[in-house]
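Undergrad: Below: one structure in C-alpha cells.
The values are calculated or read from the model by the stated rules, or taken from the named source; none is laboratory data. Quick caveat: nothing in here was measured; it's all calculated off a predicted structure. When we count neighbours, we look across all protein chains shown, and the Cβ atoms used for this are built from the backbone with ideal geometry, even at glycine.
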C-alpha cells in the first residue's frame, strides 16, 4: 500500500528548505523501491519546526521536524514511513500542545489538506457555506454575518455585516467584491498562509459575499511579494471555474461570480482601501477622501465590499455553522477567533488561532516560549508598523479590540513582533518615521512632510542634540500627524513613535 | 530587427493583450517588467497611446510603485527585508554584511551586472526572520554565512 507523506509548499517552509526535502524524499523512496504519495500541504503554522514532514499512520499523522534534506536518508533508515522513532520525531502532529490548544475555525484545513485540491476541500467541509447561502435570501446571508459579530480582520475591526448591508442596499447595475490581500504589516503572514494553504476558502468566502450583495465581479488585490500565493490562487480559481464554482450559473443557481487576482507593486499604502481601489483602477495609489464610502461609491465609482483575506475566509464557516456558532468564541465585543501571528525574536514563532481573550503574556510565554535569543523580552509591537510598542507592564492586556484601544494600542491584523533587551527604542521610533516617509502616498501634508521632519528630529534626538527642544517638537509633530493625516499611515505612525518614547524614555536620552 | 525594435514588439504585444481589462495599467506594467526586467522609457508613449492616457500619467504610475523599475536590473535581484520582525532578528547587521559583500547600496547593481539590491518591507516570512527573496525563491533565518553560500551558488548558476 502506498505511504502518504506531507511536505509543505508554504513559502516560509520553502524558505527553510522544504523543496529540497521533498525532492530528497522522492529520490530516496525511489532508490529503496518504496511506493509513496507525496502531498504538498500548507503549513501547520509551527514555524520553528519547518520543514515539518508528516507521515500518515494507522494512529494518525506523525510529525518530524525540522527536517533538512541531509536528514532524509536517516529518516528512512529509522522507518519513518511507519512512524518510526528518530531524533526529529515529534509524535502525532495534532497532539502537539501548540497546535492542540488552538481553536481553528478559519484555519481548519490549513496544513491538513492539499491546498489546490478541490476534492480535499469539499471532503473537509468546503463549500457547505456556499451551498447554504445559495438557498438563502440576500438579507439573510448578510444577517448571518452580522449575527456572527465578525469584524474586519485587516485591522480596522469594522463590523463586516454592516458593510455588506450598505452595499446590498445601494442600488447599482454593477457591484464589486474586493479582497484586500496587500498584507504589508511586518510580523503578519496569516493572509499568506490562507492563500497558499487553503485558497478555496477565500474563493468561497468571496463568492458568498458576491451572492449576498449581488456583486458579479471580484478582485483579489495581492501584494507582489507573495508569488507562491499568486500561483496557488490562480490554480484554485481555474479549478473553481472548471467545476462550476465560479463564472456563470454557479452550481446551477443561475448566479454569476467572476474572480481575478491582480498584483500590487510594492506600495504599502495600497493596503489602505481607497488607495487600493485607485491602484486597481490603474492609477497611482493615492488615498481618497471619505465620504463617499467605498460601500456606496468604490471601485470605478460602484458599490464595493472591501474586506481583508481573513474576514472573507471566515465567512464560509459562519454560513456553514451559523452566526451563533462563530459568535460563541471570543470576549466582549470581539467575537469569534483571531489568527495571531508570533514573529520576530521569539522561540516558537507561528500561527495561533484562538477565540479573543487570551493575554499577550500567555501568547508570548505559553505559546511563544519566550525570546529566541533567551534574553528578556523588552517590547512587543502589535498590529504592524503602525502599531504601538507594549512594554512588559502591558503584557496582561487581553486580545480584545476594546482592551487594546483603552491602552492606546491596536490589535490590528494580529501580528506580534517580539524584541529582546538589545533593542534601542529610539532607533525603532526613527525607523517608524522613515517607513512613513518611504511609503507615504504624498497626498496629505502631515504625512508627506511630517515623516521627513520626523526622521530629522529623531536623528537629532538619537545624537543627543537639544533634547529640551526636540522632545516637545517630536510630540508636537506626532500630534499633527495623528490629527491631520488623511489615512492611517500618517495618522498612526505616532503610535509606535510615542509609545516608544513614553515607555522607554531612557532610550531617548531622558532620565526616567 | 534591432534590439530596441524587438523590445517594442514585445511591449506592443503585451499592451494589445491586456489593454481592454478594466484598470489595465498595472497588469500591463507587470507584463512588461516580467518580460524585460524593467519598463524602458521608450515604452511609455506606446502604453499611453494604448490606454488613451497622457505620458505623464503613465510615468507617474511607474514612479509611484517601488516595485517598478525604469533601468535594467542585474542578472538577479536580491530583495532584502528591512522591516521590524527582521530587525528584531539581526536584520540590520545582515544588511551591513550584504552591502559590504556586494559592494553596493540599496537600489544599485554590482559592477559585473550580476546582482541588484533592493529593500523590501516584509516578505511575510516573519516567523523565519531575517528574510530575503531572490526571484521567486524566499530564504529564511538568513545569516552572513548562509547569504554568502546562496550568492556563491547562484553565481555558479548564472
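Undergrad: How many residues are more than 8 Å from chain A (Cβ to nearest Cβ) and touching a strand residue (DSSP E or B) at 6+ places or on another chain (Cβ under 8 Å) when one looks only at the stretch B:82-94?
TA: The total comes to 3.
Undergrad: Restricting the stretch B:43-85 to residues that are touching a helix residue (DSSP H, G or I) at 6+ places or on another chain (Cβ under 7 Å) and surrounded by fewer than 16 Cβ atoms within 10 Å (Cβ to Cβ), which is nearest to residue A:386 (Cα to Cα)?
TA: Ranking the candidates gives B:70 first.
Undergrad: Follow-up. Please verify whether the stretch A:48-63 includes one or more residues that are at pLDDT 95 or above, away from chain B (no Cβ under 14 Å) and more than 33 Å from the chain's Cα centre (by Cα).
TA: yes
Undergrad: Further, regarding this structure: Which one of these is more than 11 Å from chain B (Cβ to nearest Cβ), closer than 21 Å to residue A:47 by Cβ and either part of a helix (DSSP H, G or I) or in contact with a strand residue (DSSP E or B) (Cβ under 8 Å, 6 or more places away or on another chain) (or both): A:430, A:453, A:375, A:448?
TA: A:375
Undergrad: Would you tally the residues in the stretch A:271-295 being in contact with a strand residue (DSSP E or B) (Cβ under 9 Å, 6 or more places away or on another chain) and facing another protein chain (nearest Cβ under 8 Å)?
TA: 2
Undergrad: Would you please name the residue that is nearest to the chain's Cα centre (by Cα), looking only at residues in the stretch B:96-116 that are without any contact (Cβ under 8 Å) to a residue 40 or more places away in the chain and either facing another protein chain (nearest Cβ under 7 Å) or under 27 Å from residue A:222 (Cα atoms) (or both)?
TA: Within the stretch B:96-116, the match that is nearest to the chain's Cα centre (by Cα) is B:107.
Undergrad: May I pose another question? Output the residue which, of all residues in the stretch A:342-355 that are surrounded by fewer than 22 Cβ atoms within 10 Å (Cβ to Cβ) and more than 18 Å from residue A:191 (Cα to Cα), is farthest from the chain's Cα centre (by Cα).
TA: Filtering first and then ranking leaves A:347.
Undergrad: Looking at this structure, is residue A:126 assigned by TED's automatic domain parsing to the domain that holds residue A:312 and crowded, with 23+ Cβ neighbours inside 10 Å?
TA: Yes.
Undergrad: Please tell me if residue A:194 is within 18 Å of the chain's Cα centre (by Cα), in the same structural domain as residue A:307 (by TED's automatic domain parsing) and under 30 Å from residue A:8 (Cα atoms).
TA: It is true that residue A:194 is within 18 Å of the chain's Cα centre (by Cα), in the same structural domain as residue A:307 (by TED's automatic domain parsing) and under 30 Å from residue A:8 (Cα atoms).
Undergrad: Against the definition (touching a helix residue (DSSP H, G or I) at 6+ places or on another chain (Cβ under 6 Å), outside the structural domain of residue A:380 (by TED's automatic domain parsing), touching a residue at least 12 places away in the same chain (Cβ under 8 Å) and within 25 Å of residue A:158 (Cα to Cα)), how does residue A:487 come out, yes or no?
TA: So residue A:487 fails the test.
Undergrad: Let me ask something else. Tell me which of these residue A:256 doesn't satisfy, since it passes every other one: (1) over 20 Å from residue A:121 (Cα atoms); (2) crowded, with 23+ Cβ neighbours inside 10 Å.
TA: Residue A:256 satisfies every listed condition except (2).
Undergrad: Please go through the stretch B:128-145 and pick out each residue that is in contact with a strand residue (DSSP E or B) (Cβ under 7 Å, 6 or more places away or on another chain) and either touching a residue at least 24 places away in the same chain (Cβ under 8 Å) or more than 9 Å from every other protein chain (Cβ to nearest Cβ) (or both).
TA: Of everything in the stretch B:128-145, those that are in contact with a strand residue (DSSP E or B) (Cβ under 7 Å, 6 or more places away or on another chain) and either touching a residue at least 24 places away in the same chain (Cβ under 8 Å) or more than 9 Å from every other protein chain (Cβ to nearest Cβ) (or both) turn out to be B:129, B:130, B:131, B:132, B:133, B:134, B:135, B:142.
Undergrad: When you scan the stretch A:207-242, how many residues do you find that are over 23 Å from residue A:318 (Cβ atoms) and assigned to a loop (DSSP other than H, G, I, E, B)?
TA: Matching residues across the stretch A:207-242 total 4.
Undergrad: If you go through the stretch A:145-195, how many residues are in a helix (DSSP H, G or I) and within 14 Å of another protein chain (Cβ to nearest Cβ)?
TA: Final tally of qualifying residues: 6.
Undergrad: Another question about this same structure. Looking at (1) touching a strand residue (DSSP E or B) at 6+ places or on another chain (Cβ under 7 Å); (2) part of a loop (DSSP other than H, G, I, E, B); (3) closer than 25 Å to residue A:49 by Cα, which is the only condition residue A:90 fails?
TA: (2)
Undergrad: Here's another thing I want to ask about it. Tell me yes or no: at least one residue of the stretch A:296-318 is facing chain B (nearest Cβ under 10 Å) and over 16 Å from the mean Cα position of the chain (by Cα).
TA: Yes - at least one qualifying residue is present in the stretch A:296-318.
Undergrad: Let me ask you something else. Only one of A:396, A:400 is surrounded by fewer than 18 Cβ atoms within 10 Å (Cβ to Cβ), modelled with pLDDT of 95 or more and touching a strand residue (DSSP E or B) at 6+ places or on another chain (Cβ under 9 Å). Can you tell me which?
TA: Criteria check complete, one pass: A:396.
Undergrad: Taking only the stretch B:18-44 into account, find how many residues are at the interface with chain A (Cβ under 10 Å from one of its Cβ atoms), touching a strand residue (DSSP E or B) at 6+ places or on another chain (Cβ under 9 Å) and assigned to a loop (DSSP other than H, G, I, E, B).
TA: Of the residues in the stretch B:18-44, 3 are at the interface with chain A (Cβ under 10 Å from one of its Cβ atoms), touching a strand residue (DSSP E or B) at 6+ places or on another chain (Cβ under 9 Å) and assigned to a loop (DSSP other than H, G, I, E, B).
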